[in-house]
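Undergrad: Can you read through this structure? Questions will come right after.
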Amino acid sequence: MPRRHRWLPDYSHLWDVLPEDALTRAIRARTYGHGRRDFPAVANAAILRIYAGRECLTLADLLAAAAALQGPRGWSPSFAADYVGNVVAWGKELGLLEEASDGERSWRLIERSPVFKIIGGRCVRVRGLPDAEQATMNRKVASLHRRRATLARAAADKVRRRVGSLLDRLAVVRWDAGIPAEWLVFLGDQPAGMQVKEARGFILAAHDDWEPAVTKRWVGEVEATVTAAERDAVVRREAAEAASAAARLAEDADAFEGL
């Protein structure tokens, strides 16, 4: 059976491009998503995250949003700017955003609630429908939210138990461990300078509203830290045991010479 080729996005348009240029180019012409049937829902969700309750964003605001997206995702500045510009362009296309007509160039959020969602594996419009269709869709969305909330709570609890177990292991080998700089990429600056045991509650709740991919990287980072600490503890113990054995041999040798 012939193997199907999976086409990957082409990001060559970002080579040697400054973030500001990547942003404006993407807003001017949508850079990807055209061939994905689910992309209206993907772009809609991204827009709501980027706007985070704000009504209007300028170019400077969008660049700041792009910079914030780099952190846990490890994106380059130009890729993050292209991502933000692309979803803004999709927002204009889908009627979710409108560009301000006066003053500093900016884009206003028209719809504060999701208009497109993935339901039953398909991208569907969930707002702005005729009355009868809207009532039916509202019931479907409410049911979907209940199912997703249940699954999200179960997934968050599983991660909480896993991270809690890792913190317990870390406490055994380094009870006074400070929060590593690598963790602050995920946790932000609030727990900087604190010991892990002091920030345990904060650490265990931090992932509750993260995307699954970010949570997966977070757990991997915690595992790497704990594994390294345990390995260092073994090295220190073996070194201490070797030093103690050498000291005993020296004492035995001195005692033998004194006979």
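Undergrad: I'd like to verify a number: residues in segment 60-104 that are under 24 Å from Pro114 (Cα atoms), in contact with a strand residue (DSSP E or B) (Cβ under 7 Å, 6 or more places away or on another chain) and among the acidic types (Asp, Glu), how many?
TA: 2
For (1) out of contact with any Pro (no Cβ under 9 Å at 6 or more places or on another chain); (2) polar (S, T, N, Q); (3) within 30 Å of Val126 (Cβ to Cβ), each residue gets a yes or a no:
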site	(1), (2), (3)
Leu23	yes, no, yes
Ala45	no, no, yes
Glu55	yes, no, yes
Ala64	yes, no, yes
Val87	yes, no, yes
Trp90	no, no, yes
Ser106	yes, yes, yes
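Undergrad: Just the residues that are at pLDDT 80 or above and touching an Asp or Glu at 6+ places or on another chain (Cβ under 9 Å), please, taken from segment 2-26.
TA: Those that are at pLDDT 80 or above and touching an Asp or Glu at 6+ places or on another chain (Cβ under 9 Å): Leu14, Val17, Pro19, Ala22, Leu23, Arg25, Ala26.
Undergrad: Moving to a separate point now. Within segment 196-207, how many residues turn out to be assigned to a helix (DSSP H, G or I) and surrounded by 13 or more Cβ atoms within 10 Å (Cβ to Cβ)?
TA: 6
Undergrad: Have a look at Glu182, Glu230, Glu238 and point out the one that is more than 29 Å from Gly71 (Cα to Cα) and either part of a helix (DSSP H, G or I) or outside the structural domain of Gly71 (by TED's automatic domain parsing) (or both).
TA: Glu238
Undergrad: Do the conditions hold for Ala46, that is, is it within 19 Å of the chain's Cα centre (by Cα) and farther than 29 Å from Asn138 by Cβ?
TA: Answer is no for this residue.
Undergrad: Can you name every residue in segment 21-37 that is touching a Ser or Thr at 6+ places or on another chain (Cβ under 9 Å) and surrounded by fewer than 15 Cβ atoms within 10 Å (Cβ to Cβ)?
TA: none
Undergrad: Leu18 - would you say it is surrounded by fewer than 14 Cβ atoms within 10 Å (Cβ to Cβ), among the hydrophobic types (A, V, I, L, M, F, W, C) and within 24 Å of the chain's Cα centre (by Cα)?
TA: yes
Undergrad: Now for a different question. Could you give every pair whose Cβ atoms fall below 8 Å, whose first residue belongs to segment 14-33 and is basic (Lys, Arg), and whose second residue is not in a helix (DSSP H, G or I), counting only separations of at least 6 or pairs across chains?
TA: Pairs found: Arg25/Val17; Arg25/Thr31.
Undergrad: Tell me, which residue of segment 179-195 that is touching a residue at least 40 places away in the same chain (Cβ under 8 Å) and under 20 Å from Arg231 (Cβ atoms) is surrounded by the fewest Cβ atoms within 10 Å (Cβ to Cβ)?
TA: Looking at residues that are touching a residue at least 40 places away in the same chain (Cβ under 8 Å) and under 20 Å from Arg231 (Cβ atoms), I get Glu182.
Undergrad: Here's something else I'd like to know. Would you pick out the residues in segment 43-56 that are in contact with a helix residue (DSSP H, G or I) (Cβ under 8 Å, 6 or more places away or on another chain) and either surrounded by 16 or more Cβ atoms within 10 Å (Cβ to Cβ) or in contact (Cβ under 8 Å) with a residue 60 or more places away in the chain (or both)?
TA: Scanning segment 43-56 gives Ala43, Asn44, Ala46, Ile47, Ile50.
Undergrad: Of the residues Leu184, Leu144, Leu204, Leu167, which single one is hydrophobic (A, V, I, L, M, F, W, C) and either touching an Asp or Glu at 6+ places or on another chain (Cβ under 6 Å) or over 19 Å from Glu223 (Cα atoms) (or both)?
TA: When all the criteria are applied, what remains is Leu144.
The values are calculated or read from the model by the stated rules, or taken from the named source; none is laboratory data. Treat the numbers as computed from the prediction; the structure is a model and nothing was measured. As a convention, Cβ positions derive from the backbone with ideal geometry for all residues, glycine included, and neighbour counts pool all protein chains shown.
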